[in-house]
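Written out below as structure tokens is the structure these notes cover.
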4 protein chains.
Amino acid sequence: MYFRSDNQTGASDRVMETLAMANRGTTPGYGDDEWSTRAVDMLKETFGCDLEAFFVLTGTAANSLALSCLVDPWHSILCHAKAHILRDESTAPEFYTGGARLVPISGGDGKLEVRHLEHYFRITEVHAPHNSLAKALSITQAAENGLVYSAGEVASLCEAAHGRGLSVHMDGARFANAVAALGCMPADISWKAGVDVLCLGATKNGGLAAEAVIFFRKGSAEEFSHRRKRGGHLLSKGRLFGAQFLGWLQDGHWLELAGHANGQAARLFSALTSIPGIRLAWPVQANELFVILPVRLAERLLSAGAEFYGWDRGSLPADTTLAADETLIRLVTSFATSDENVDRFCAKAKDLAT
Amino acid sequence: MYFRSDNQTGASDRVMETLAMANRGTTPGYGDDEWSTRAVDMLKETFGCDLEAFFVLTGTAANSLALSCLVDPWHSILCHAKAHILRDESTAPEFYTGGARLVPISGGDGKLEVRHLEHYFRITEVHAPHNSLAKALSITQAAENGLVYSAGEVASLCEAAHGRGLSVHMDGARFANAVAALGCMPADISWKAGVDVLCLGATKNGGLAAEAVIFFRKGSAEEFSHRRKRGGHLLSKGRLFGAQFLGWLQDGHWLELAGHANGQAARLFSALTSIPGIRLAWPVQANELFVILPVRLAERLLSAGAEFYGWDRGSLPADTTLAADETLIRLVTSFATSDENVDRFCAKAKDLAT
Amino acid sequence: MYFRSDNQTGASDRVMETLAMANRGTTPGYGDDEWSTRAVDMLKETFGCDLEAFFVLTGTAANSLALSCLVDPWHSILCHAKAHILRDESTAPEFYTGGARLVPISGGDGKLEVRHLEHYFRITEVHAPHNSLAKALSITQAAENGLVYSAGEVASLCEAAHGRGLSVHMDGARFANAVAALGCMPADISWKAGVDVLCLGATKNGGLAAEAVIFFRKGSAEEFSHRRKRGGHLLSKGRLFGAQFLGWLQDGHWLELAGHANGQAARLFSALTSIPGIRLAWPVQANELFVILPVRLAERLLSAGAEFYGWDRGSLPADTTLAADETLIRLVTSFATSDENVDRFCAKAKDLAT
Amino acid sequence: MYFRSDNQTGASDRVMETLAMANRGTTPGYGDDEWSTRAVDMLKETFGCDLEAFFVLTGTAANSLALSCLVDPWHSILCHAKAHILRDESTAPEFYTGGARLVPISGGDGKLEVRHLEHYFRITEVHAPHNSLAKALSITQAAENGLVYSAGEVASLCEAAHGRGLSVHMDGARFANAVAALGCMPADISWKAGVDVLCLGATKNGGLAAEAVIFFRKGSAEEFSHRRKRGGHLLSKGRLFGAQFLGWLQDGHWLELAGHANGQAARLFSALTSIPGIRLAWPVQANELFVILPVRLAERLLSAGAEFYGWDRGSLPADTTLAADETLIRLVTSFATSDENVDRFCAKAKDLAT
């Protein structure tokens, strides 16, 4: 009954097999190998466009390096109040950008909306060089509360951002889950909607440790390659990344994995909502559930061996309040979550709730 | 009718005379001169305690260098949503701290209160090394809206901060105005109330370009001296700063200047409040007035030669709203503001208001 | 006939198998897993002492992060004129240290010697805060020219460094080769000789991508963990590193691999030196050979399918000069270099030399 | 008998008078005042060209900010082994450039020469992104050993640098002395010779604390203004700088001051060379003398009240050695050095030498 995170499961068999295959023999180093080349080609095919892509080890590195190519150190980056880049990556964005500033423009709940951008610009006068000018917007897909931005929503945000001279970065740690949820083409919620740079995460969804930074606007390659090297993220045995991405993308494997994770979240959702005393803070669209339940029930579930994290109440919808005896928890499903795992948890919850 | 800012007037005669005196002859460089030594001694006398003080050119340098001694690059600094360090100093704090983060914990109005700190700590979980830990609190005295923190208010904030392991920095660009307004001892609202580092500004109140960074907790001297040098703020002819501070502090000159500026603000206040259609957003405690008045009146005053800035409505008290035909302006008085200047402006306002 | 580098071969079978094993099931993330714990325990056993160890992806990250814990941004780091940290890691050390300075104290040839340190201190006056103070010495083991520092040489350098207040960092990208060459205990050329921080590289010698930063002086753990996170090097699936190091260290596997590589270098050496017109720039002690040979022979070997790099003449011994028709190349052997590979190359060289 | 440095004398009367004049009344802040505008106009007139100029407080700030506009953080800056930016400004260049590297390309003696550049490029291969690419050359005028680069020498260096894609920065802390020494136009040894950015120092030659960063290639204004603000070098009472430069430049005052300093150096030179046992390390071209004399004489002079610094033997010409009983000292003259001062010193030296 493991629902803590989707980053604590190993890689999928297929990814591991590709890695094992790629391990044989000698190849040129530093990403000039055949596996990396094929992985980039596969990304081009997947997104249906030309692009520049770079592989790195972690989401924090991917996001921070990507942002450092979009802003100067005296600029600001607008984001959601609960954005991962703001809350969970220490001050890595400041480190890589040389001291640019993250500015939360929303409340703690929901998704970013165009009105948040408009409000920010309405209340923010910028007189150079005294005030920091916003030059980038960062969107997380799927969002921190498990919701998914539709293609239209992404497009509206990008349009509003571009209209103000901002580039758009997408933190796609769960991009695969969003694509699977929407049943759309990867292009629809990325470059076609106006995203300039996408950090596409494989790690949470079947990779071992691999993130791709994808520039849809060409021309950042040289700068990025210097920044990656300085950050110590240029791998000598670059095929480690290439092979992971190749195995992950081929034959729609990545979307299969994400579809499975989303499906298990839906399975949890339908079983849990029928249990009295349990309600969901947000609709379930991808692979995360934010569940409001009695404190006692949560404690009993943990005692019974269920594994999940309590969650920050600041992320509840504005009009939702917890009763004194309620708490908020997060459940995450992954490509490896089994039916049996879900069913046992739900049965246990039903049992303990009464 | 000049009320734009207190940083656009030259130095007081006395400060200029001391500077001229200090200019003669040769002295050791880099602050090892007699003028600088005497200025530091005068600071010790003024604050009634031992201390370490360093002189720099600007408030931005003073604040950023001071903060860089209080936090590591992965820490956060809590401040007011309208704090000068957050709004008006580009990303200098990030530059000097190596990428630490400024976190606004209040709304845009009023002063910082203990409840803001408490709220922040209630909603903010910190798991190292993922989340950035708050290690400093910054208070502006007098505050951005012209209010003055009482000794008790400073003490409460410092106690709350220290209780959480935070150091306290005070941006004292208008510290002199606050002391003059409260009629207290400088120590009462600084080290006795718990402030760890004070940036004492002379520039806005009779200096030419001189700020003192004062550490009440000893032991930061060596680190500060390296940081100042790296920032290019170690002056070879250090007496430039020493002489300014000496002239400024001697015989209570600094408080006389600040008292004059405060008095002129009070004079403006009493004259303006008797004019129909004009109201004050905040009580007038130091040398800044935030005035709500008809748009048409503001325009007429500008046309008549008055000089002032329109101001950010986000700093209005939460329960104050502007009518459609109203606007918000800021008036600042200085040590050089004459009675005649004030009276002409008020007469003109009265005249144009009808 | 592949002798380009030891970082362009995959991982050893054993390392890959351990990785595959570790991939199964869920574990706590971020290095709190059993594999990482066991790997650190194995390091303690290997070095025969208590220590703090952190895993990262690349040598550049390991070296830069390690150095950032030894110096402040206003300090200098002394190193060999051809040190990898100075020549081949872009400005990563400056990035991670916040702008500290690398200072080459030797000529381009040979190894670092105590006299280089002594000469540096003799010609360098430091007046704070104007001049940058040296606070760390960096040694590469095995050295950039393939030589190995004996335990006594390391101890002498460390003693000279410590006597001047410098910490000692060892870039151990080929530390395994050095241990195998000397037939000593790992402790003998690290902490027992006075090394404070060792970057132990597995990547070049049988790992996939794994370096351990090992602090023999305890107390840097918290700072390092923040710096690693900010650099984007904290892996969620931390067992990736743990498993590699475990598989690599167990049963002396790492020294077997290094011993093989060294042996193949010796095999190359004895065959090549019997060929007229070929001489070695430096004795062969680990797994690198620096070979002086006729330009025409080098070209013919490349045409015949041999793979190696031409090398920087600045690293030749001071008393060695190249004739007009001579060139310098580097040959590197690895754990995967076969007898057949070596013998074919030597036969070809013999053949083409005549 | 004060010959320690030219930065320990106050400002010239004329500069102080201009400052006092500028101090009156209110002006726009942050350099938008009339004094600053006039000073920039005067710079354009002085250099006979259009340019962008910014004023800052110190040479360290000027040099570091200027360099930060020429290179990215992964680049290198070539300079003389004794360059002030390398030796005497802590790691300020690294701080402002975000971690670019200073690379000394000469020995410790003499001036930079084209052959130093050529040698550097001959021995330095750059493979991106592993190695740091040189993108700027820094020249000090007058040089650290008191020599002056002729217009032809500057032009040759600039041509060699530009040919390799490097920008040229000139540290002109004693640029006035160089112009006075050469009797040339300021343009001849700056933009006409190919210098891209000149840091023109007034501080050492009659200013109080004022340096101008002058861009002859337009287009860096916006970036510089952000960098200056972030460094805390944007002065609210900007006229402090404007007035100093205006007073300094008007009517050739700056060259008069520099000419006087140079003249006193020449006066010292002719008197000292007639004293047995005294010899000069370098010809005297500007306002610095590097004097080799018996240790005992140096000690006696200090005892007799003379003030000067001992100097680094590493800056001696390659073919000059000190006898065991000899030492090297530096004498610096300034705009304020009187005939009487010089004559007393020389008489004393003559007297004590025998």
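The values are calculated or read from the model by the stated rules, or taken from the named source; none is laboratory data. Everything numeric in this text was worked out from a predicted model, so none of it was measured. Note that we place each Cβ from the backbone using ideal geometry, even for glycine, and neighbour counts take in every protein chain shown. We work out accessible area using only protein heavy atoms, side chains counted, and drop any ligands, DNA or RNA first. Shrake-Rupley method; radii C 1.70, N 1.55, O 1.52, S 1.80 Å.
Tally up the residues in segment A:279-329 that are hydroxyl-bearing (Ser, Thr, Tyr) and in contact with a Gly (Cβ under 8 Å, 6 or more places away or on another chain), please.
2
Restricting attention to segment D:284-316, and to residues there that are under 20 Å from the mean Cα position of the chain (by Cα) and among the charged types (D, E, K, R), which single residue is nearest to the other protein chains (Cβ to nearest Cβ)?
Only one residue fits best here, namely D:312.
Within segment A:160-171, can you find the residues that are surrounded by fewer than 24 Cβ atoms within 10 Å (Cβ to Cβ) and in a strand (DSSP E or B)?
Listed by number, the list holds a single entry, A:167.
Just need a number here: residues in segment D:250-273 that are among the charged types (D, E, K, R) and more than 13 Å from residue D:343 (Cβ to Cβ).
Number satisfying all stated conditions: 2.
For residue A:157, indicate whether it is at pLDDT 95 or above, within 26 Å of residue A:186 (Cα to Cα) and surrounded by 24 or more Cβ atoms within 10 Å (Cβ to Cβ). Break it down stepwise before answering.
Details: at pLDDT 95 or above: yes; within 26 Å of residue A:186 (Cα to Cα): yes; surrounded by 24 or more Cβ atoms within 10 Å (Cβ to Cβ): yes.
So residue A:157 fits the description; yes.
Checking residue D:136 against (1) of a type in the set (Gly, Ala, Ser); (2) part of a helix (DSSP H, G or I); (3) surrounded by 24 or more Cβ atoms within 10 Å (Cβ to Cβ), only one condition comes out false. Which one?
If we test residue D:136 against (1) of a type in the set (Gly, Ala, Ser); (2) part of a helix (DSSP H, G or I); (3) surrounded by 24 or more Cβ atoms within 10 Å (Cβ to Cβ), just (2) comes out false.
Between residues in segment C:202-225 that are away from every other protein chain (no Cβ under 14 Å) and outside any helix (DSSP H, G or I) and residues that are charged (D, E, K, R) and surrounded by fewer than 22 Cβ atoms within 10 Å (Cβ to Cβ), which pairs lie under 9 Å by C-beta distance while being six or more apart or on different chains?
C:214/C:52; C:215/C:52; C:216/C:50; C:216/C:52; C:217/C:52; C:218/C:50; C:218/C:52; C:219/C:52
What about residue D:7, is it farther than 21 Å from residue D:189 by Cα, within 11 Å of chain B (Cβ to nearest Cβ) and open to solvent by 10 Å² or more (accessible area, probe 1.4 Å)?
no
Would you check if residue A:343 is in contact (Cβ under 8 Å) with a residue 40 or more places away in the chain and of a type in the set (Asp, Glu)? Reasoning before the result, please.
Values: in contact (Cβ under 8 Å) with a residue 40 or more places away in the chain: yes; of a type in the set (Asp, Glu): yes.
So residue A:343 passes the test.
Could you tell me how many of the residues in segment A:85-113 are open to solvent by 30 Å² or more (accessible area, probe 1.4 Å) and over 25 Å from residue A:156 (Cβ atoms)?
Count: 2.
Look at residue C:18 and say whether it is surrounded by 22 or more Cβ atoms within 10 Å (Cβ to Cβ), under 30 Å from residue C:338 (Cβ atoms) and more than 7 Å from chain A (Cβ to nearest Cβ).
Yes; evaluated as a whole, the condition is true for this residue.
State whether one or more residues within segment B:204-213 are buried (at least 24 other Cβ atoms within 10 Å of the Cβ), more than 13 Å from the chain's Cα centre (by Cα) and not small (Gly, Ala, Ser).
yes
Could you list, in sequence order, the residues of segment A:172-189 that are open to solvent by 10 Å² or more (accessible area, probe 1.4 Å), assigned to a helix (DSSP H, G or I) and hydrophobic (A, V, I, L, M, F, W, C)?
Once the filter is applied, which keeps residues that are open to solvent by 10 Å² or more (accessible area, probe 1.4 Å), assigned to a helix (DSSP H, G or I) and hydrophobic (A, V, I, L, M, F, W, C), segment A:172-189 yields A:180, A:181, A:182.
Which of the residues spanning segment A:220-241 are of a type in the set (Ser, Thr, Tyr), out of contact with any Lys or Arg (no Cβ under 9 Å at 6 or more places or on another chain) and modelled with pLDDT under 95?
Across segment A:220-241, the qualifying residue is only A:220.
Which residues, counting only those in segment A:121-154, are at pLDDT 95 or above and among the hydrophobic types (A, V, I, L, M, F, W, C)?
A:121, A:133, A:134, A:136, A:137, A:139, A:142, A:143, A:147, A:148, A:151, A:154
Could you tell me whether segment A:61-83 includes any residue that is open to solvent by 20 Å² or more (accessible area, probe 1.4 Å), touching an Asp or Glu at 6+ places or on another chain (Cβ under 6 Å) and of a type in the set (D, E, K, R)?
Yes, there is a match, as at least one residue in segment A:61-83 is open to solvent by 20 Å² or more (accessible area, probe 1.4 Å), touching an Asp or Glu at 6+ places or on another chain (Cβ under 6 Å) and of a type in the set (D, E, K, R).
Name the single residue, out of those in segment D:30-57 being open to solvent by 10 Å² or more (accessible area, probe 1.4 Å) and within 13 Å of another protein chain (Cβ to nearest Cβ), that is farthest from residue B:235 (Cα to Cα).
If we filter segment D:30-57 for residues that are open to solvent by 10 Å² or more (accessible area, probe 1.4 Å), which is where we start, we get D:30-32, D:34-35, D:37-38, D:40-42, D:44-46, D:48-50, D:52-55.
Next, only the ones that are within 13 Å of another protein chain (Cβ to nearest Cβ) stay: D:30-32, D:34-35, D:54-55.
Values: D:30: 20, D:31: 20, D:32: 24, D:34: 25, D:35: 22, D:54: 18, D:55: 14 Å.
Checked segment D:30-57; the qualifying residue farthest from residue B:235 (Cα to Cα) is D:34.
Check residue B:227 against each of (1) more than 19 Å from the chain's Cα centre (by Cα); (2) open to solvent by less than 10 Å² (accessible area, probe 1.4 Å) and name the one condition it does not meet.
Among (1) more than 19 Å from the chain's Cα centre (by Cα); (2) open to solvent by less than 10 Å² (accessible area, probe 1.4 Å), the lone unmet condition for residue B:227 is (2).
Based on what the data block shows, is residue A:245 surrounded by 24 or more Cβ atoms within 10 Å (Cβ to Cβ), within 30 Å of residue C:95 (Cα to Cα), of a type in the set (Phe, Trp, Tyr) and at pLDDT 95 or above? Explain how you work it out, then say what you get.
On the way: surrounded by 24 or more Cβ atoms within 10 Å (Cβ to Cβ): yes; within 30 Å of residue C:95 (Cα to Cα): yes; of a type in the set (Phe, Trp, Tyr): yes; at pLDDT 95 or above: yes.
So residue A:245 passes the test.
If you check B:112, B:78, B:67, which single one turns out to be over 30 Å from residue C:96 (Cα atoms), in contact with a helix residue (DSSP H, G or I) (Cβ under 8 Å, 6 or more places away or on another chain) and away from chain A (no Cβ under 12 Å)?
Working: B:78 fails: over 30 Å from residue C:96 (Cα atoms); B:67 fails: over 30 Å from residue C:96 (Cα atoms).
Matching residue, one of B:112, B:78, B:67: B:112.
Quick check on segment B:115-129: of everything there that is of a type in the set (D, E, K, R) and part of a helix (DSSP H, G or I), which residue is most open to solvent (accessible area, probe 1.4 Å)?
Checking each candidate, the answer is B:122.
Please name all residue pairs, on different chains or six or more residues apart, with Cβ atoms under 6 Å, provided the first residue is in segment C:89-105 and is facing chain D (nearest Cβ under 7 Å) and the second residue is open to solvent by 20 Å² or more (accessible area, probe 1.4 Å) and assigned to a helix (DSSP H, G or I).
Qualifying pairs under 6 Å: C:99/D:95.
Inside segment C:2-22, can you point out the residues that are within 20 Å of residue C:267 (Cβ to Cβ) and in contact with a Lys or Arg (Cβ under 6 Å, 6 or more places away or on another chain)?
C:6 - this is the single residue of segment C:2-22 that is within 20 Å of residue C:267 (Cβ to Cβ) and in contact with a Lys or Arg (Cβ under 6 Å, 6 or more places away or on another chain).
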